[in-house]
Amino acid sequence: MRTHAAVPPSHPAGPPRGVDTPWIVGRVTAPSPRLRLFCLPQAGGSAGSFAPWRLTPPHGIELATVELPGRGVRAGEPVPDTLEELADAVLDGIAGEFDLSYALFGHSFGALLGYEIAVRAVRRGLPAPRALLVSASRAPHTAVPKRISDRDDRQLLAWLEGFGGFPPDLREYPSYLRYALRTVRRDLALTEAYRSPGPVPVGCPLHVFGGAQDPLVGRAELERWRLCASAGFTLQLLSGGHDYLFTGAPAVLDAVTAVLG
């Protein structure tokens, strides 16, 4: 699924305001947006993961929630074999929307994906993002602390439930639960196989967020993102665990709006 065809710097305008595309599902527009924020979900997540954000979108910012292949309305589509190939595919799919100043936000799995998209955009000669916002993730040049994707369904579910990664009532829907676990496992395998050869700096401000009570990614891990910054760096811890992004959506959106200006 990887494409090597670079998108020329002079590209057509994005879709009409408010229109979804295969890559953007559930877009939330603003009357005169100053910025388009592409939102990349966690492992197993979809554009629908950002539903809490759609209730109170940041003023003047269009939310472009990304639908990755292999989930949601694109559940039947194949997923690339590596995170780098997935980043290329996403960039191919959204580069036509860089007609408006934009930023990238990625949570957990989505943070590493957002980083690779930002680096690739600059390499292709495309407009750089105004900012890269990453959340609850190890830095791209650091090692995976332990493998999770090779655990069986029972062990994987127990691990996810241990930090609030899955709502307990999903156990009542066995067929959907099997599908969800399969999607999570596939995304985890991509992240476990991924490691940047070095802390390649992104050509834009880098803002890092995390949950103050996150048992998976602590402040020390988040600090390692600093080596990927060349145009400004901030780090904020907000109340909550690994899923703080959704349990404390209003506070997160306030923080996001503040760093985007």
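The values are calculated or read from the model by the stated rules, or taken from the named source; none is laboratory data. On a predicted model such as this, the values are computed, not experimentally measured, just so you know. Here the Cβ is made from the backbone with ideal geometry for all residues, glycine too, and neighbour counts use every protein chain on show. Surface areas here come from the heavy atoms of the whole protein model, side chains and all, with no ligands, DNA or RNA. Shrake-Rupley method; radii C 1.70, N 1.55, O 1.52, S 1.80 Å.
A search for C-beta distances below 6 Å between a residue of the range 21-42 that is under 14 Å from Glu97 (Cβ atoms) and touching a residue at least 24 places away in the same chain (Cβ under 8 Å) and any residue that is assigned to a loop (DSSP other than H, G, I, E, B) and of a type in the set (S, T, N, Q), counting only pairs 6+ apart in sequence or on different chains, returns Leu35/Ser101. If you filter the range 192-206 down to residues that are hydrophobic (A, V, I, L, M, F, W, C) and farther than 11 Å from Glu116 by Cα, you find that the one that is most open to solvent (accessible area, probe 1.4 Å) is Ala193.
Here is a yes/no grid of residues against (1) modelled with pLDDT of 95 or more; (2) within 24 Å of Ile148 (Cα to Cα):
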{"position": "Pro52", "(1), (2)": "no, no"}
{"position": "Thr65", "(1), (2)": "yes, no"}
{"position": "Pro80", "(1), (2)": "yes, yes"}
{"position": "Glu85", "(1), (2)": "yes, yes"}
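Number of residues in the range 26-43 that are closer than 26 Å to Leu188 by Cβ and either open to solvent by 30 Å² or more (accessible area, probe 1.4 Å) or within 10 Å of the chain's Cα centre (by Cα) (or both) equals 6.
If I filter the range 141-155 for residues that are of a type outside the set (Gly, Ala, Ser), open to solvent by 10 Å² or more (accessible area, probe 1.4 Å) and within 22 Å of Leu91 (Cβ to Cβ), do I get at least one hit? Yes: one or more hits.
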